[in-house]
Amino acid sequence: MRGFAARADVEEVERFLAARVRALPAESVDLLDAIGRVLAGDVRAAVDVPAFARAAMDGYAVRGADSFGASDYDPVPLRVIGEALPGRPFAGRVGAGEAVRIMTGAPLPDGADAVAPAETCDEQDARVAVREAVPPLRHVGARGEDIRAGEVVLRAGRRLRPQDVGLLASLGAASVVCRRRPRVALLMTGDELLPPGHTPEGARIVDSNSLVLRGLAERDGAVIAACEWLPDRPERIRAALLREDADVLLVSGGSSVGQEDHAPHLVAELGSLDFHGVAMRPSSPTGLGRIGDRLVFLLPGNPVSCLCAYEFFAGPTLRALGGRPRAWPHRRARLPLARKIGSMIGRVDYVRVAIEQGRVVPLATSGASILSSTVRAAGAVIVPRGLEGLPEGAEVEVLLYDDAPLTEAAP
Ligand code: AMP
Ligand code: MG
């Protein structure tokens, strides 16, 4: 066993990844599966929506000029020559002195240019008395009022919202071209591990990292291609590192310089180990390498380190592969620190914090092995490399773990 020769700066690793990671190729995605996917190119409308002028109210399709002068005292009588319903247009033409009963969404018949709302009309015996004038175009939705043919409706890089996919359907699309989602294999190493669902027993602990990593990777748009639990045996880890069904391998545990830490040597042997050891806390025994086209993240087994190393390095990579912004996806809050945070120049710290009475409280029991610190925390504060810490009262940015608004209001 030897310690780390030198630790890389967080920014160096980030730069290395930013320079190498490009979005994956595009694929066609059925609209039913498209919500949350990232558009690979701009989408231009091929058609007008709606493709016809339509009634915006229930009432009577008329020639607006016929209704001029209409009032409660002097209603204009028109002859009702038929009916137009959504999907069942009126086939004829509305002439002078004529009206067609029409429902919202029905195509406006030829000859008509306005809709007199039902509440201003009285119909009896195929005649309608219009009590209020409607100028041409009143209560008519123009062809293309929603979308015009030729218009760019969604830009490349857009993460599709439910309403975006609805709009694509209204344009007549059945599928849409999106970035392929990165495939991730989770390799959980450690003789002591039992897969989730087991009861901890004797010296054996239940693996929690695979669930955390799965959730984070899915948050970042990845697909979990595989999850393996591996003993600290080099031949088993070697075989798993050679699997080709993933774009990214997340290896948990055995990432350091201990005698059971095989993954770093194996990655160096099978490909390249580009970084090993990063100047940060937690997660300093993090490694990064490549085997073939696959990126391999060596994440420390300590649960907080594993989460933190994922957030700094694997998260941005998965997002970039899937065409999303690299930036951390957390909501942020700016609040004053209730107590100082200590750090060291030259090291980045990832500090779990609670928010109490609108102030940011660093959590005391926050060692790398204390997963519950991330459960109690509202989020994390990152102390940059150049600072010795952050003083009490300083405004800090909290990366919030939850999407929901803070339950505790800031003062
Ligand atoms: P390692 O990185 O393999 O040296 O492990 C560091 C610490 O994290 C040890 O206490 C391990 O038992 C623990 N650990 C390793 N893997 C996991 C895991 N998948 N889930 C929870 N704890 C783990
Ligand atoms: Mg281990």
Review point. Looking at segment 102-148, which of its residues are open to solvent by 50 Å² or more (accessible area, probe 1.4 Å) and under 30 Å from ASP42 (Cβ atoms)?
Key: ALA142, ARG143, GLU145, ASP146, ARG148
Exercise for review: Return the pairs, sorted by first residue and then second, in which the second residue is at pLDDT 95 or above and among the hydroxyl-bearing types (Ser, Thr, Tyr), the first residue lies in segment 163-187 and is open to solvent by 40 Å² or more (accessible area, probe 1.4 Å), the beta carbons are less than 7 Å apart, and the residues are 6+ apart or on different chains.
Suggested key: SER175/SER28; VAL177/SER28
Revision key, fill the gap. For segment 187-232, the count of residues that are within 14 Å of ligand 1 (Cβ to nearest atom) and of a type in the set (A, V, I, L, M) equals 12
Point to revise | Flag for ILE355 being more than 28 Å from the chain's Cα centre (by Cα), open to solvent by 10 Å² or more (accessible area, probe 1.4 Å) and either farther than 30 Å from VAL38 by Cα or among the β-branched types (Val, Ile, Thr) (or both) | key: no
Review point. Residues in segment 325-337: is at least one touching a helix residue (DSSP H, G or I) at 6+ places or on another chain (Cβ under 7 Å) and buried (at least 20 other Cβ atoms within 10 Å of the Cβ)?
Key: no
Exercise for review: Go through the residues of segment 342-351 one by one and say whether even a single one is aromatic (Phe, Trp, Tyr) and open to solvent by less than 10 Å² (accessible area, probe 1.4 Å).
Suggested key: yes
Check your understanding: Out of the residues in segment 257-305 that are without any contact (Cβ under 8 Å) to a residue 60 or more places away in the chain, open to solvent by 40 Å² or more (accessible area, probe 1.4 Å) and outside any strand (DSSP E or B), which is nearest to ligand 2 (Cβ to nearest atom)?
Key -> HIS265
Study note, to complete from the structure: Restricted to segment 358-372 and to residues being open to solvent by 40 Å² or more (accessible area, probe 1.4 Å) and over 22 Å from ILE205 (Cβ atoms), the residue modelled with the lowest pLDDT is ALA364
Exercise for review: For ALA309, state whether it is modelled with pLDDT of 95 or more and open to solvent by 10 Å² or more (accessible area, probe 1.4 Å).
Suggested key: no
Exercise for review: Just give me the residues in segment 233-253 being open to solvent by 20 Å² or more (accessible area, probe 1.4 Å) and within 16 Å of ligand 1 (Cβ to nearest atom), in sequence order.
Suggested key: ARG233, PRO234, ARG236
Review point. Any idea how many residues of segment 306-324 are in contact with a helix residue (DSSP H, G or I) (Cβ under 6 Å, 6 or more places away or on another chain) and in a loop (DSSP other than H, G, I, E, B)?
Key: 0
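The values are calculated or read from the model by the stated rules, or taken from the named source; none is laboratory data. Bear in mind that the values here come from a model prediction, so they are computed numbers and not experimental data. A quick note on method: Cβ atoms are made from the backbone with ideal geometry, for glycine too, and the neighbour counts reach across all protein chains shown. SASA here: full protein model, heavy atoms, side chains in, ligands and nucleic acids out. Shrake-Rupley method; radii C 1.70, N 1.55, O 1.52, S 1.80 Å.
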